[in-house]
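Participant: Okay, handing you the structure first.
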Amino acid sequence: MRPANTMRAAFLVSLLSCVIACAGVTVVLDRFEKRLKVAGADLVNVTTRADKIASSVAALSDRIEHLSDEIRFSAPADLGHKHTAIRQFVITSNLAQVDAPIIFVGDSITETARLPASLCGHPVVNAGVGGASSSSYLAFGKSFLSEINAPLIVVALGTNDSQIGARNAPPFAGSYKRLIEFLKTRAAALVLVGVPHLEMGGALAASYFDEAASVRNNAAIQAAAASNSAQFADVRAAMQGERLTLDGVHLTRKGYDEWMTPIIDAIGKALDCGSTSELMAVTR
């Protein structure tokens with residue numbers, strides 16, 4: 001074969017090889033593109049599923065946190081005793097020592113409050129217990145209030161129902177209604193106290209509480225007061241100052257002053273026993 005023919009043949013072979021190679025690459029690229037599309041669709045599905053899982057995990061975490069708070073309500077405290085058992089003993093003992101008391105039902109805000117010894121001629125008993133919510137207090141209260149016939153019960157609950165962990169709990173309005181239905185059988189009159197403002201700059205409030213929930217719960221309490229012909233103590237409207245809490249939730253001395261004023265006013269109206277200024281003078 002002549003050199004020219006040999007070169008031409010070699011060139012044709014090379015060209016044919018390139019064509020075959022390019023065809024092969026095209027097929028490979030086409031398959032790769034299809035696989036990328038499938039992988040992309042799978043990735044979208046995985047991402048969507050991951051978002052749903054993350055949302056479910058967050059909701060579960062909130063629920064676990066709320067249940068943990070409910071458990072802590074009756075968890076062992078110092079010396080191996082349960083805090084609720086100690087409070088039950090103290091409250092039962094105090095109730096046994098007085099006649100016709102005004103009873104303050106509540107959570108840690110109530111438990112740590114320096115309440116007056118008496119109001120409107122009635123002794124005052126502090127039945128607050130730290131950690132209480134509207135649902136947990138119902139079972140707790142039945143243990144020592146079932147035989148009580150009080151002239152007045154003040155109900156100051158709803159703050160712990162405003163925790164982030166309570167978002168997936170049964171609706172507050174329902175548990176609060178059940179509590180009120182029970183307390184109505186134990187008292188001639190009720191004063192229902194609204195939920196105080198949360199100072200969200202405080203560490204406890206920022207980490208564990210939901211201000212929007214506290215607003216809703218406050219509205220539910222006001223509605224319950226109206227439907228039960230009870231006095232509503234609008235502490236939220238009264239507490240407009242600054243630095244009213246120690247941690248965004250629990251009150252300072254100034255906070256308690258502003259918290260007590262509408263409560264005393266509501267008690268005076270419920271029992272028709274004097275002006276707010278007269279009753280407030282008794283608490284000083």
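The values are calculated or read from the model by the stated rules, or taken from the named source; none is laboratory data. Small disclaimer: the values here were computed from a predicted structure and weren't measured. So basically every Cβ, Gly included, is an ideal-geometry build from the backbone, and we count neighbours across all protein chains shown. Protein only, heavy atoms only, side chains kept; ligands, DNA and RNA dropped before computing areas. Shrake-Rupley method; radii C 1.70, N 1.55, O 1.52, S 1.80 Å.
Participant: Run Arg243 past the list (1) open to solvent by 60 Å² or more (accessible area, probe 1.4 Å); (2) modelled with pLDDT of 95 or more; (3) under 23 Å from the mean Cα position of the chain (by Cα) and report the number of the one that doesn't hold.
Facilitator: That leaves (2) as the condition not met.
Participant: Here's a follow-up. Which of the residues spanning region 200-229 are closer than 18 Å to Gly174 by Cα, open to solvent by less than 20 Å² (accessible area, probe 1.4 Å) and not small (Gly, Ala, Ser)?
Facilitator: Listed by number, the residues that qualify are Asn217, Asn218, Ile221.
Participant: Against the conditions (1) within 19 Å of Ala223 (Cβ to Cβ); (2) among the charged types (D, E, K, R); (3) open to solvent by 30 Å² or more (accessible area, probe 1.4 Å), where does Arg167 fall short? Just the number, please.
Facilitator: All conditions are met except number (1).
Participant: Oh, and also: Taking the condition of being of a type in the set (Gly, Ala, Ser), touching a residue at least 60 places away in the same chain (Cβ under 8 Å) and assigned to a strand (DSSP E or B), how many residues in region 102-134 meet it?
Facilitator: Of the residues in that region, 2 qualify.
Participant: Within region 202-216, is there a residue that is in contact (Cβ under 8 Å) with a residue 12 or more places away in the chain, in a loop (DSSP other than H, G, I, E, B) and in contact with a Gly (Cβ under 8 Å, 6 or more places away or on another chain)?
Facilitator: yes
Participant: Out of region 252-278, which residues are modelled with pLDDT under 95 and either in contact with a Leu (Cβ under 9 Å, 6 or more places away or on another chain) or part of a loop (DSSP other than H, G, I, E, B) (or both)?
Facilitator: Asp272, Cys273, Gly274, Ser275
Participant: All but one of (1) under 14 Å from the mean Cα position of the chain (by Cα); (2) part of a helix (DSSP H, G or I) hold for Ile221, so report the exception by its number.
Facilitator: (1)
Participant: Any residue in region 176-199 that is open to solvent by less than 10 Å² (accessible area, probe 1.4 Å), assigned to a loop (DSSP other than H, G, I, E, B), among the aliphatic types (A, V, I, L, M) and at pLDDT 95 or above?
Facilitator: The answer is yes, given that some residue of region 176-199 is open to solvent by less than 10 Å² (accessible area, probe 1.4 Å), assigned to a loop (DSSP other than H, G, I, E, B), among the aliphatic types (A, V, I, L, M) and at pLDDT 95 or above.
Participant: Among the residues that make up region 98-108, is at least one of them modelled with pLDDT of 95 or more and farther than 27 Å from Glu258 by Cα?
Facilitator: Yes; the residues of region 98-108 include at least one that is modelled with pLDDT of 95 or more and farther than 27 Å from Glu258 by Cα.
Participant: Of the numbered conditions (1) within 25 Å of Gln97 (Cα to Cα); (2) in contact with a strand residue (DSSP E or B) (Cβ under 7 Å, 6 or more places away or on another chain), Gln163 fails exactly one; give the number of that condition.
Facilitator: (1)
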